[in-house]
Amino acid sequence: MYRTHTCGELRIAHVGEQVTLAGWVQRVRKMGGMTFVDLRDRYGITQLVFNEEVNAALCEQANKLGREYVIQIVGIVNERYNKNKNLPTGDVEIIVNTLTMLNQSEVPPFTIEDQSDGGDDLRMKYRYLDLRRSCVRKNLELRHRMCIEVRNYLSDLGFLEVETPMLIGSTPEGARDFVVPSRMNPGQFYALPQSPQTLKQLLMVAGFDRYFQIVKCFRDEDLRADRQPEFTQIDCEMSFVTQEDIIQTFEGMAKHLFKALRGIDITEPFLRLPWAEAMRRFGSDKPDMRFGMEFVELMDTLKGTGTFPVFNEAEYIGGICAKGCASYTRKQLDQLTEWVKRPQIGAKGLVYARVQEDGSVKSSVDKFYTPEVLLALKEQMQAEAGDLILILSGADTMRTRKQLCELRLEMGERLGLRDKNKFALLWVTEFPMFEWSDEEQRLMAMHHPFTHPMDADIHLLDTDPAAVRADAYDMVCNGVELGGGSIRIHDPHLQAKMFEILGFTPEKAQEQFGFLMNAFKYGAPPHGGLAYGLDRWVSIFAGLDSIRDCIAFPKNNSGRDVMLDAPAAIDQKQLDELYLQIDLPTAEA
């Protein structure tokens, strides 16, 4: 055996025992006639001791070790004189008798420590080295434990884990598909699944009334911190259920995960907000509820009550109250104004008002309003002495609310209100069924074409489809959408109506989704489901700003794997086998 114990296993109780350890050299420290080596494996770090007076040759051998050398040692467990309380193994050390070199290592391109000197691109290029860092390893261990908890929880509730295929037909109604050419079917293509949506619905038709799968999904879309071209879903579907049944089941699973993995016992039901209310109060369908600073609409207070043309011409005026921030300097306020004017936010400017210690209001638009109007503003905002009122306006209500949402989140960040160890969970419900696409010049499904409308709104499908609400729901934690789902359409006539509203001809609907509509003719049960983002769950629990460090081998922001140098060109022989020709514009080529 290469080892009798791991590097994170030994304790005071093992003192006096002979042990064999194997692992990587974390660091070497020479102090006089003594050499100390920190030996690391997946389980922890153990200090090794070499004494020149006892065995000069062995000590000389230890002095030649470099970082990340792979070694095996045999020695006796000894109680440490200078204990390290930061290490589980910090009470002991190994007096080494035998040292065997298993493999040498070049000097790593960055330090393999929790606080590394390697930038993101460098660490991704050498991801196999980055994974040796304990902070990254712990994220993957957390991911593993979460998968075990999910499987056990759902299995105990009678769910079956069923695998669905990775090579399916393209369904372009949604994000872009990744397509895969078929060698055996020239000129035809598979698609990688954006989700197993239609397949899990077919499982409901087949009678598998409780399905789940921890499944890879693929979307060819622009990336950001919480997106990757391939990601993992906890995908679930249930038959003979209502929205309430699904929410209760998966709220229960969320509470179980918090208890099992974070030791947090959540007893209260999650807050529920209709989509329209979430947008009105927070400008977002995934509001961060860890702090207040809710929007206050100020049209009645500021439009037409003064001579400020920006407000008098606005379709929406809204403000937030930053408690205790009236002391912000002019420089800070100018910086904040420039921040909201960035292209990513797109606001034209920012109006502010300070509430003075005597209760009076000092505003950047003082000359346009009487003191009485500014006092009315203070009352409307429920602001107190020392508070700062921040106001945005615009010609597009929804766009301005989204800008105000970004400002709210930024202020929450600056004021330390977005504590990663505090969790605020809620369900957002009653989403719009459709949204207008300027690019397509038609209504598009906000979720997907298989979502059931709310029963109370079905009559509007013929007269006012834009007003129809979906029987859909998202679960949100700390401003992150952790998952979402809906009750599905199970009536073939209603499904055909949905495709008609979305601009599909009967022939096109049959071509793309005929397999599903045909299945509905054979007794489809009422059904619905939900998909949680596993990567997002792990990142929330690990306190990460990005999902990349809870994925073993992630892509960068350009969708590239810089370690494997993928995507990459393929040789002409492969292209010929697939009957493909590459015809790029000169600049791209």
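The values are calculated or read from the model by the stated rules, or taken from the named source; none is laboratory data. A quick note: this is a predicted structure, and the numbers were derived from the prediction, not measured. Because the Cβ atoms are built from the backbone with ideal geometry, glycine has one as well, and the counts that use them run over all protein chains shown. Surface areas here come from the heavy atoms of the whole protein model, side chains and all, with no ligands, DNA or RNA. Shrake-Rupley method; radii C 1.70, N 1.55, O 1.52, S 1.80 Å.
Laid out as a table, the results:
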{"item": "Gain on full stretching of the segment that runs from Glu163 to Asp222 - 0.36 nm per residue minus C-alpha separation", "result": "18.5 nm"}
{"item": "Radius of gyration and maximum dimension Dmax of the range 12-69, Cα, Å", "result": "11.8, 32"}
{"item": "20 °C / 1.002 mPa s Stokes-Einstein diffusion coefficient of the range 328-451, Kirkwood radius on C-alpha pairs, µm²/s", "result": "122"}
{"item": "Solvent exposure, largest accessible area first (probe 1.4 Å, DNA, RNA and ligands not counted), of Lys555, Lys362", "result": "Lys362, Lys555"}
{"item": "Relative packing of peptides 154-163, 250-259 - highest average C-beta neighbours within 10 Å first", "result": "250-259, 154-163"}
{"item": "Sum of -39500 (n - 2.57) over DSSP H runs of 4+, divided by residues of the chain (222 nm, nearest 500)", "result": "-8500 deg cm²/dmol"}
{"item": "Unit charges on C-beta of K, R, D, E only; dipole of the chain, Debye", "result": "1740"}
{"item": "Karplus-derived HN-Hα couplings along the range 85-100 (A = 6.51, B = -1.76, C = 1.60, θ = phi - 60°), whole Hz, x at Gly and Pro", "result": "6, 7, 10, x, 9, x, 8, 10, 8, 10, 7, 7, 9, 9, 10, 10"}
{"item": "Prolate/oblate/rounded call for the range 89-232, Cα gyration tensor, a/c under 1.5 rounded", "result": "prolate"}
{"item": "Ratio Rg/Rh, restricted to the range 384-532 and using Cα atoms, in which Rh is the Kirkwood radius", "result": "1.09"}
{"item": "Descending semi-axes in whole angstrom, ellipsoid equivalent of the range 195-250, from the Cα gyration tensor", "result": "26, 14, 8"}
{"item": "Heavy-atom accessible area per residue - the chain, 1.4 Å, Å²", "result": "50"}
{"item": "Span from the the range 129-196 Cα centroid across to the the range 40-96 one, whole angstrom", "result": "42"}
{"item": "Furthest towards positive pole of dipole, Val19, Thr35, Tyr2, structure part the range 2-41, Cβ charges", "result": "Thr35"}
{"item": "Rg in Å to one decimal, and Dmax rounded to a whole Å, for the chain via C-alpha atoms", "result": "29.9, 93"}
{"item": "Whole-number percent relative contact order across the chain, with pairs defined as alpha carbons under 8 Å at least 6 apart", "result": "13"}
{"item": "Taking N as its residue count, the alpha carbon Rg of the range 78-167 over 2.2 N^0.38 Å", "result": "1.68"}
{"item": "Anisotropy class of the range 231-346 from Cα gyration tensor, a/c 1.5 cut", "result": "prolate"}
{"item": "Cross-link reach list, aspartates and glutamates versus Lys341, counting only Cα pairs under 15 Å and skipping chain neighbours closer than eight places", "result": "Glu406, Glu410"}
{"item": "Cα-based reach from Lys497 at 15 Å (exclusive), listing aspartates and glutamates while leaving out same-chain residues under 8 positions away", "result": "Asp455, Asp457, Asp462, Asp464, Glu507"}
{"item": "Among Ile168, Gln188, Ala260 - extreme Cα towards positive end, dipole of the range 152-273, charges at beta-carbon", "result": "Gln188"}
{"item": "Cα-based convex hull, the range 54-103, per residue volume (Å³, whole number)", "result": "104"}
{"item": "Spatially proximal lysines relative to Lys378 (Cα-Cα < 24 Å; intrachain offsets below 8 disregarded)", "result": "Lys303, Lys323, Lys331, Lys348, Lys362, Lys367, Lys402"}
{"item": "The chain: angle of helix 492-501 to the longest principal axis, Cα-based, in degrees nearest 10", "result": "80"}
{"item": "Over the range 144-293: Rg over Rh, Cα atoms, Kirkwood Rh", "result": "1.01"}
{"item": "For Arg227, net neighbour charge (Lys/Arg +1, Asp/Glu -1) across residues whose Cβ lies under 12 Å away", "result": "-2"}
{"item": "Two-site FRET efficiency, Glu435 against Gln104, from Cβ-Cβ distance with R₀ of 51 Å, rounded to 0.05", "result": "0.30"}
{"item": "Charge dipole of the range 547-588 about the Cα centre (unit charges at C-beta), most positive-ward option of Gln574, Ala552, Leu564", "result": "Ala552"}
{"item": "Ranking by accessible area, most exposed first, for Asp285, Asp535 with a 1.4 Å probe", "result": "Asp285, Asp535"}
{"item": "Average silhouette area of the range 1-136, convex hull of alpha-carbon atoms, in square nanometres", "result": "8.3"}
